[in-house]
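Chemist: Structure provided below as C-alpha cells; questions to follow.
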Amino acid sequence: MKHSALTLILALAVCTVLSSFGSRYEPQRADFTFRTEVMQSCDEDEDDWCHADSILLYITDGRGNTEVRTVWAETLDTTNWRGIGDIMEEDINFDGYPDLQVCNGPVNSFGNFTYTAFLWNQSEHRFVEVEGFDEINSPEIYAAEQRIVGVWRLDNDIDISTYEWRDGKLVLVNSEHSNYDELTE
C-alpha cells in the first residue's frame, strides 16, 4: 500500500511539472516594470559638454524577461536639461489600461516637450509604439473628453492641437493659432 501511494504522489508531481512546461506565460499589464537609460555623446574637446543621443527603454515582465527598445532623444545638453527619459504611465487611449510615455526632451527653451508613446495591447499582451505621438508637443491627456491636446509655443506664438482616437489611430481634429499675449489678458 505504501508503495502505490508513493507512486501516485510521484506521478502527480511529474504531471504537475510537465503541465507547467506546457502552459504559456501571458504577461498582464500589471506585471511590467520599466526603466530608461539616456545615452550620451560627449564633445572630444569639451569633456563636460554631453548631449542626449538616444534613450534605451527597458520593459521587464513578471518573469524577468526584458525587452529593450531604442527611443530617440532631443539632442540637448544633458547637464542643463532635465526630464529626458522620464517615464509616465497614463491611459492615453482611454481603454482602461495604463500606457507609457517616454520623454524625448524639450524642443526649445519654452518647453514643448515631446514623448514617444507605447499603448498596452491587451490581446497581444505587449506594448506597441504609437506612430506620430512624438509629433505632439507638450501633450495633455483629457480623459473625460477622451482627447489629447498639444501646445507648441515659440515667443508670442502658440499653436493648440487637439487629437482623438479613431479606429485605433490618433487623429488631429482641431488646430488653432493664437498669441500668448491674447491668452494671458
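Read-outs throughout are calculated quantities, based only on the coordinates presented, and are distinct from any laboratory measurement. For clarity, every value in this text was computed on a predicted model and none was experimentally measured. A quick note on method: Cβ atoms are made from the backbone with ideal geometry, for glycine too, and the neighbour counts reach across all protein chains shown.
Chemist: Hey, if you put +1 on the Cβ of every Lys and Arg and -1 on every Asp and Glu Cβ in segment 70-138, which of Gly83, Val102, Trp72 ends up farthest toward the positive end of that dipole?
Modeler: The one lying farthest along the dipole's positive direction is Gly83.
Chemist: Assuming R0 = 22 Å, what is the FRET efficiency of Ala144 and Glu176, from their Cβ-Cβ distance, to the nearest 0.05?
Modeler: Calculated value: 0.65.
Chemist: Can you tally the net charge around Ser161? Count Lys and Arg as +1, Asp and Glu as -1, for every other residue whose Cβ sits under 13 Å from the Cβ of Ser161.
Modeler: -3
Chemist: Related question: Any chance you could run the full-extension gain for Asp53 through Thr162? It's 0.36 nm times the residue separation minus the Cα-Cα distance, nm to one decimal.
Modeler: 36.3 nm
Chemist: Testing the spin-label approximation: label points 7 Å from Cα along Cα→Cβ at Ile87 and Gln28. State their distance in nm.
Modeler: Simple spin-label model gives 1.9 nm for this pair.
Chemist: With labels modelled as points extended 7 Å from the Cα through the Cβ direction, what inter-label distance (nm, one decimal) is found for Thr60 paired with Trp72?
Modeler: 2.9 nm
Chemist: Once you have a ≥ b ≥ c as the square roots of the Cα gyration tensor eigenvalues for segment 62-159, tell me rounded if a/c is under 1.5, and otherwise prolate or oblate according to whether a/b is larger than b/c.
Modeler: Taking the square roots of the gyration eigenvalues as a ≥ b ≥ c, segment 62-159 is oblate.
Chemist: Right, next: Write down the Kirkwood hydrodynamic radius of segment 103-185, to one decimal in angstroms, obtained as one divided by the mean of 1/r over all alpha carbon pairs.
Modeler: 13.9 Å
Chemist: Please quote Rg/Rh for segment 43-102 to two decimal places, taking the Kirkwood radius as Rh and restricting both calculations to Cα atoms.
Modeler: My calculation of the ratio gives 1.10.
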